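The structure under discussion is supplied below as structure tokens; questions concerning it will follow.
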Amino acid sequence: MEIKKNIALSDTGFVFDPSTGNSFSTNPIGLEIIQYMRQGLSDGKIQELILNRYEVDKNTVEKDMEDFMTMLSKLKLTGSYEKD
Amino acid sequence: MKKALYERPVIQRLNVGLMNKYGTKTEFEPVREIDGNSVASLTGQFGSPLFVISEKTIRNTYRDANRAFKTRYPKVQFAWSYKTNYISAVCNVFHQEGSWAEVVSGFEYAKALHNGIPGSKIIFNGPDKTKEELELAIKNDSFIHLDNLDEFYLLREVSAGLSKKPKVAIRVNMDTGIYPMWDRFGFNYENGEAMDVVNKIILNSNMDLVGLHCHIGTFMLAPSAYSVAAAKLSELALSIKKKHNKTIQYLDLGGGFASRNTLKGSYLQGADASPTFDMFAEAISSSLFNAGFSEGDLPLLVLETGRALIDEAGYLLGSVISNKRLSDGRRATIMDFGVNILFTSFWYNHKISPAQPFGQYSEDTVLYGPLCMNIDVVREQISLPPLKKGDQVVVHTVGAYNMTQWMQFIAMRPAVVMIDLNNKVHLVRKREGLETIEGQEVLPGYLKNCER
């Protein structure tokens, strides 16, 4: 899944989408994932990076990543929605 | 290298709108221990969920209430309301502090005796007292509070052949200016029914009328209602003195003081909305002093406060079973406790704190219990940090009614522990097991050993 290219990110987790004018708040791990997505990393690679960095098991990361992607999609922050 | 602490990734849209004057975040620090015992060690030893009672909080709360009343009125007696929490360890802490027992059924009466309370310090309330229970109460010199005329006739019949006079009070209901008016308990004051019963007792029975009782409501937020109740009971007592030359020894103002919980739909948090013991004491004692009793006839003030004395001493520890996303995007967290053991979540927005460190981020969550029932909702909406499976929470102010009204439904009821004044943990009620249920069942012989 691709994140919209034009969104603005702050270091504190403030997210701004200039195409809709909506703003969002995310936590540090959410911010980290969005930054990885902007770098074009795959979901698998992002999960691997999270697993290496945090005290967490694989199932939890997989489940939480899926949920986070769903939320990004619902909030229209992903590329697929941009095409719509 | 040690890995960093994980928190579930979350994102939410920021809405522009009216400011919430209370902010969105409810918790800033995890509650990792209760009276010196870590939440993890308590659930590790006794399982999750787990009810925890702080003896220190019970005693401090009781002493605060006792001080509030005794510094204002010379004759005060508390009677512990068994129905609020009848775990024996809890009752005995109140009894050690000087409380009598206030019971509303034969079972509770037996429990009070079992706890070592002399019959003469038991107040027997409630509408359902059998002939045998009344005989026992008379024999034990207990205070019998008459709720209805059928009970009056039954007690008159039971006591007719006895040499001992039963000590009775009548339950009086009245308009104290609150809505709804509780008129189901006892005899009405305004329409003269209460005085009629008094006449019957004094003129036409073998009973000794020693007290007047009322129970005007529950979770009362207006001390002024108690002021009215105390004034009306005093007026009745003075009328009895004038008409029958009979001195009423005690006025029992019942219970109903609000605890510091937050009622659903309340604008203010419970801690800000609920009156203090001093406010209730001031309202009641002022009314009694102004009623016109002569100095020698000042009645004993009896209080059956339950909820306000025990609620804050109780905690429920629980764990996260799972997280899920609802169809409308809301977050839902499923806990290992539900309305089966946290009955009060039907009417309170209980304060719930995570028991482990968390970040700054919080999100709105629906908290569900583990029951296969749609009504099993602990909080419709609560702002909590992202919780993951296995994380633990502490539910605050659960000491009243949960350990008596809890249901055994599809799961067993949890253990209850009490932490003493030296922070030592005592198991005061065992976790139920299959044998708790099976022990009560009887399987007919012809249904045993069925071929399957």
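Measuring from a point 7 Å past the Cα of residue B:263 along Cα-to-C-beta, which residues in segment B:206-222 have an amide N at less than 16 Å?
Only B:216-222 fall inside the zone, counting backbone N under 16 Å.
Okay, moving on. Stretched out fully, how many nm does the piece from residue B:128 to residue B:208 gain, at 0.36 nm a residue minus the Cα gap?
26.8 nm
Tell me, what is the percent relative contact order of segment B:165-249, built from C-alpha pairs under 8 Å that lie six or more residues apart?
33
Right, something else. How large is the Rg to Rh ratio of segment B:298-452 when both quantities use alpha carbon positions and Rh follows Kirkwood?
That ratio is 1.07, to two decimals.
Would you please give the FRET efficiency between residue B:440 and residue B:375, computed as 1/(1 + (r/R0)^6) with r the Cβ-Cβ distance and R0 = 22 Å, to the nearest 0.05?
About 0.25, to the nearest 0.05.
So if each residue of separation counts as 0.36 nm, and I subtract the Cα-Cα distance between residue B:346 and residue B:141, what length gain in nm does that give?
Extending this stretch completely gives an extra 69.9 nm.
Please work out the Cα center distance from segment A:10-64 to segment B:234-295, rounded to the nearest Å.
Cα centres, segment A:10-64 to segment B:234-295: 59 Å.
Related question: Arranged by the count of other C-beta atoms within 10 angstrom, fewest first, what order do B:312, A:32, B:435 take?
B:435, A:32, B:312
Over all alpha-carbon pairs in the protein assembly as shown, figure out the percentage whose distance exceeds 30 Å.
Counting pairs separated by more than 30 Å, the tail of P(r) holds 59 percent.
Could you pull out the pairs from B:129/B:241; B:129/B:246; A:4/A:76; B:121/B:167 whose alpha carbons sit more than 18 Å apart here?
B:129/B:241; B:129/B:246, as the Cα separations exceed 18 Å there.
With labels modelled as points extended 7 Å from the Cα through the Cβ direction, what inter-label distance (nm, one decimal) is found for residue A:12 paired with residue B:63?
About 4.5 nm, to one decimal.
Normalised by the residues of chain A, what does the relative contact order come to in percent, with Cα pairs under 8 Å and at least six apart?
Once divided by the residue count of chain A, the mean separation gives 34 percent.
Right, another one. Taking 0.36 nm per residue of sequence separation and subtracting the Cα-Cα distance, how much length would be gained by fully extending the chain between residue B:156 and residue B:298, in nm to one decimal?
Taking residue B:156 through residue B:298 to full extension adds about 48.3 nm, to one decimal.
What fraction of the DSSP beta bridges in the protein assembly as shown is antiparallel, stated in percent and rounded to the nearest 5?
Percentage antiparallel, nearest 5: 50.
Further question on the same structure: Return the subset of B:75/B:232; A:5/B:389; B:200/B:242 for which the Cα-Cα distance in this structure is over 23 Å, preserving the input order.
As for pairs spanning more than 23 Å Cα to Cα, those are A:5/B:389.
Further question on the same structure: How far is helix B:193-203 tilted, in degrees, relative to the longest principal axis of the Cα atoms in chain B, given as a value from 0 to 90 rounded to the nearest 10?
For B:193-203 against chain B, the angle is about 50 degrees.
Under 16 Å from the 7 Å Cα→Cβ point of residue B:179, by amide nitrogen: which residues of segment B:320-360?
The answer is none, because no backbone nitrogen lies closer than 16 Å to the label point.
Suppose a student asked you for the relative contact order of segment B:208-304, using Cα pairs under 8 Å spaced at least 6 residues apart; what percent would you report?
39
Using the basic label-point model (7 angstrom from Cα toward the beta carbon), what is the residue B:421 to residue B:188 distance in nanometres?
It is 4.9 nm.
Between the helical axis of B:277-290 and the dominant principal axis of chain B, each derived from Cα atoms, what acute angle in degrees is found, rounded to the nearest 10?
10
How high is the FRET efficiency between residue B:326 and residue B:449 when r is their beta carbon distance and R₀ equals 56 Å, given to the nearest 0.05?
My answer for the efficiency is 0.75.
Between residue A:23 and residue B:286, what FRET efficiency follows from the Cβ-Cβ distance if R0 is 35 Å, with the result rounded to 0.05?
With a Förster radius of 35 Å, E is 0.05.
Please compute, for peptide A:20-27, the average count of beta-carbon atoms on other protein chains lying within 10 Å of each residue's beta-carbon.
Partner-chain Cβ atoms within 10 Å, mean over residues of A:20-27: 5.
Quick check on packing: order B:238-246, B:171-179 by the mean number of other C-beta atoms within 10 Å, highest mean leading.
B:171-179, B:238-246
Values quoted throughout were computed directly from the atomic coordinates according to the rules given, and no laboratory measurement underlies them. Everything quoted here is computed from the prediction, not taken from an experiment. A quick note on method: Cβ atoms are made from the backbone with ideal geometry, for glycine too, and the neighbour counts reach across all protein chains shown.
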